[in-house]
Amino acid sequence: MSEKENSPKKKEHKSALNVQKGVDQPESINPEVIRKFRLKKKIQHSLDEYVAGILEGNRTMLSQVITLVESSLPEHNTFATEIVEKCLPYARKSIRIGITGVPGVGKSTFIEALGKYLSNQGRKIAVLAVDPSSEISKGSILGDKTRMEDLANDPNAFIRPSPSAGSLGGVAKKTRHTIILCEAAGFDTIFIETVGVGQSETAVHSMVDFFLLLMLAGAGDELQGIKRGIMEMADAIAITKADGDNVNKAELAKIEYQNALHLFPPADCGWTPRVLTCSSTSYAGIDHVWNTIIEYIDLIKESGFFENQRMNQAKYWMYESINEALHDHFFNQEGIKEKLKMFEEKVVNRKMNSFLASRILIEDYFKKF
């Protein structure tokens with residue numbers, strides 16, 4: 001017998017944690033929640049049912065279709081586009097108002113004040129509030145229903161916050177489809193609240209009838225940082241928070257903006273942009289803002305500019321949709337996705353310049369057709 005076999009066996013020490021199996025831990029995510037979430041993502045009604053529901057003003061169905069419009073799933077987009085097409089003959093009967101302004105100017109508070117004023121007159125208001133998406137997490141807070149609590153509970157109002165998803169000018173890509181759906185649902189006044197003054201407000205200007213720029217008084221040089229392009233697009237400038245000790249500052253700011261607007265060429269429709277002051281808390285000047293909007297709409301309808309502008313906007317969005325579709329098709333094309341990473345490394349490591357890399361990728365893309 002070997003020495004190894006004769007040696008006494010060491011006593012094994014076992015931890016109580018190893019001896020006792022313990023209670024099985026539940027999964028970190030409840031599978032039932034996942035199942036319900038997937039059911040929610042499914043299309044719940046037929047095309048005709050959705051169209052009929054929207055035309056009847058069913059807000060639940062309206063919200064569901066807007067969710068399909070905003071979905072990244074191709075089958076959802078295709079289905080939603082068919083609904084929008086069916087709703088198109090019942091749209092085009094609202095006043096579309098774009099509202100933008102510097103951060104902190106009080107866009108949500110202003111919209112709530114004007115919305116409540118119009119609701120009391122019997123108008124039906126839809127607010128399409130675009131929230132900024134994080135460039136890191138891609139998420140959005142979507143808190144406009146919290147900021148517009150009174151209007152959110154108004155039976156004549158519908159508030160739909162949407163993520164900007166990095167789209168130009170802070171306007172969600174699918175906002176134009178949402179406008180058509182809201183008009184078909186019977187909303188006669190539609191506000192589009194943008195993220196704020198960004199690199200371009202062309203997107204919001206190209207889908208509204210009236211473009212309102214909100215500004216603050218008493219915040220330093222009134223014209224500092226305000227880009228000429230945004231000022232030229234504005235049909236009116238409203239200086240907010242004109243109440244209490246700020247009234248005199250608002251009036252001085254009004255004069256400065258009026259002088260600045262005189263330097264711009266006249267609008268094609270013959271309208272001279274107005275500068276107004278208002279307070280969203282005391283409602284002072286809110287009626288004046290609305291009367292100015294109506295005066296402008298009456299003018300451009302009488303001259304034929306209203307319909308001409310709507311036609312030009314439809315043409316603009318046709319080309320934008322083509323650009324978006326080509327962009328998505330290119331980046332989702334089989335073979336291109338794999339090459340992108342390779343060329344990206346070459347560009348970063350300075351083994352190839354950006355223009356040559358893009359040209360090769362595009363040429364490879366077109367070879368498939």
inquiry  = Using the Cα centre of the range 36-90 as the reference point, and only Cβ charges (+1 on K/R, -1 on D/E), how large is the resulting charge dipole? Debye, rounded to the nearest 20.
reply    = 400 debye
Packing rank of 98-107, 349-358, where each peptide gets the mean count of other beta carbons within 10 Å, highest leading = 98-107, 349-358
query = What length, rounded to one decimal in nm, is gained on full extension from E82 through to Y283, with 0.36 nm per residue of separation minus their alpha-carbon distance?
reply = 68.2 nm
task = Quick one: net charge around R310, please, counting Lys, Arg +1 and Asp, Glu -1 for every other residue with C-beta under 13 Å from its C-beta.
result = +3
request  = Translational diffusion coefficient, Stokes-Einstein: compute it for the range 36-90 using the Kirkwood radius over C-alpha pairs as Rh, at 37 °C and 0.692 mPa s, and state it as an integer in µm² s⁻¹.
outcome  = 292 µm²/s
remark   = the range 298-369 -> Rg/Rh from Cα coords, Kirkwood Rh, value 1.32
request  = Alpha carbons only, please: Rg and Dmax for the range 217-356, in angstrom.
outcome  = 23.4, 64
note = Going from the fewest other Cβ atoms within 10 Å to the most, one would list E338, E112, E70 as E338, E70, E112
remark   = Taking r as the C-beta separation of E334 and Y117 and R0 as 45 Å, the FRET efficiency to the nearest 0.05 is 0.25
query = Working out 0.36 nm times the residue gap between D48 and M342, then minus their Cα-Cα distance, what length gain in nm do you get to one decimal?
reply = 101.2 nm
key: Extended-chain gain in nm, criterion 0.36 nm per residue less alpha-carbon gap, N153 and S63   = 30.8 nm
query = What is the fewest-to-most order of H177, H76 by other Cβ atoms lying within 10 Å of their Cβ?
reply = H76, H177
message = Suppose R0 equals 22 Å. What FRET efficiency, 1/(1 + (r/R0)^6) with r the Cβ-Cβ distance, do M352 and S321 give to the nearest 0.05?
response = 0.10
ask   = What are the residues whose amide H is under 5 Å from the amide H of I159, where those residues sit 5 or more places off or on another chain and H is modelled from the backbone?
value = V127
inquiry  = So, R0 is 51 Å and r is the distance between the beta-carbons of E251 and S71; what FRET efficiency does that work out to, to 0.05?
reply    = 0.60
ask   = Counting other C-beta atoms within 10 Å, which of S162, S63 has the fewest, and how do the rest follow?
value = S63, S162
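Just so you know, all these numbers are worked out from the coordinates, no wet-lab data involved. In this text the structure is predicted, and so the values were computed from the model without any measurement. We place every Cβ from the backbone using ideal geometry, glycine too, and count neighbours over all the protein chains shown.
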